[in-house]
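Everything below concerns the one structure shown next.
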Ligand code: HAM
């Protein structure tokens, strides 16, 4: 017995039937994002490791434990992107997109990689829809992206979701919060896991990301960042909430929503779905006003979110509509060749056609067409070749007519 090669743990094949659902979700998503004037941007799957160390942050689980990092043949340290935000920032700076008149609003759909513990809704290769906006300070944009996310979910018929919002402050107000958080965490050090004990000094905010039950319980007793916001952050947050009300978006303020990435400033938010169980975040995002400057670019603020496609697809209802395709039935070489020509003509006219190049009897070809759910069958034998008139069978009604290829195209077009 030859040894079988299996897919890598934490990765998933998307087979044709499921791929159809992906295509539909992606096309609805693109349509909605383009309604809000976002433009697609595509960047490489791998980047210099330091991009994520610096962007995503040295104290995040993503950078500490989850990156696919390797050396290439020239000895450079590269990383398969675990998220998209730092790549977009890099590209904008490198290509000087900020000099162009177009608004800096981008979207992207593609795979990300995290060496996380695989489970339902958590994969090592997963896909995100990511959107990013740069240079807009007004909290109206914070609310607009939440509104856009909600509209997108509605268009995809995903209804059982909740918006959680918070502010994580800025460089001015966060230090005093971190000081109190640190001293509170020190008091309960004994109950924290070894990772979180290290985080007390490194970045106590990251204790909120821990999934260990005792750490989660301890985190519930920690001070809330919303009580420490400076005037500017407080005002931004309250205007953000006002705009959400204005858009008619319901939300819950979640003072412990700090999200597992270091770059956030001011607004953070998540859209969660009760249908997802414990891994319930469909969408996560927030503002990151310092990243562009810290990467040596212009002083442009940023905000965005990412939506996990595997999680989204698992809650999107979908009925697989049968394709309306035509199946060619032929007997013998001459009618096969004539049929191939007619099919070529019909395809140019926009008709989906299937020709199976296998010797089969007429009867078994008809039963194949039936089994595969063909909408039409085109039957070509010696007579039809001579007359250049072909038999077209409508599989739904059972009616059969003899027509030229032009007439056949017309019938099929008119029926759809
Ligand atoms: P994130 O919260 O790390 O944020 O990921 C966003 C979404 O990606 C999650 O809510 C989830 O749906 C999905 N996701 C994350 N990890 C996995 C996984 N291992 N398997 C399946 N799905 C997963 C970010 O990535 C930020 N870059 C979002 C952002 C954009 N913030 C500002 N701009």
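The values are calculated or read from the model by the stated rules, or taken from the named source; none is laboratory data. Source: prediction; values computed, not measured. Here Cβ is always computed from backbone atoms with ideal geometry, including for glycine, and neighbour counts include all displayed protein chains.
Observations on the structure shown:
- With a requirement of 1 or more residues that are within 29 Å of residue 38 (Cα to Cα) and away from the ligand (no atom under 13 Å from the Cβ), the helices (runs of 4 or more DSSP H) lying completely within the range 273-367 that satisfy it span 291-294.
- Taken together, the criteria exclude residue 414 from residues that are surrounded by fewer than 17 Cβ atoms within 10 Å (Cβ to Cβ), out of contact with any strand residue (DSSP E or B) (no Cβ under 8 Å at 6 or more places or on another chain) and closer than 17 Å to residue 340 by Cα.
- Meets criteria (closer than 23 Å to residue 62 by Cα, at pLDDT 95 or above, near the ligand (Cβ under 10 Å from one of its atoms) and within 13 Å of the chain's Cα centre (by Cα)) for residue 129: yes
- Among the residues of the range 343-354, those that are closer than 26 Å to residue 16 by Cβ and more than 35 Å from the chain's Cα centre (by Cα) comprise 343, 344, 346.
Condition check ((1) out of contact with any helix residue (DSSP H, G or I) (no Cβ under 9 Å at 6 or more places or on another chain); (2) touching a residue at least 40 places away in the same chain (Cβ under 8 Å)) across all residues:
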site: 88; (1), (2): yes, yes
site: 92; (1), (2): no, yes
site: 96; (1), (2): yes, no
site: 110; (1), (2): yes, yes
site: 131; (1), (2): no, yes
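- Sole residue being touching a residue at least 24 places away in the same chain (Cβ under 8 Å) and under 19 Å from the mean Cα position of the chain (by Cα), chosen from 246, 305: 305
- Check on residue 33, part of a helix (DSSP H, G or I), surrounded by 14 or more Cβ atoms within 10 Å (Cβ to Cβ), at pLDDT 95 or above and within 18 Å of the chain's Cα centre (by Cα): yes
- Positions within the range 54-80 being more than 19 Å from residue 118 (Cβ to Cβ), surrounded by fewer than 18 Cβ atoms within 10 Å (Cβ to Cβ), out of contact with any strand residue (DSSP E or B) (no Cβ under 8 Å at 6 or more places or on another chain) and without any contact (Cβ under 8 Å) to a residue 60 or more places away in the chain, in sequence order: 73, 74, 75
- Any hit, the range 84-96, residues being more than 9 Å from the ligand (Cβ to nearest atom), surrounded by fewer than 20 Cβ atoms within 10 Å (Cβ to Cβ) and farther than 17 Å from residue 292 by Cβ: no
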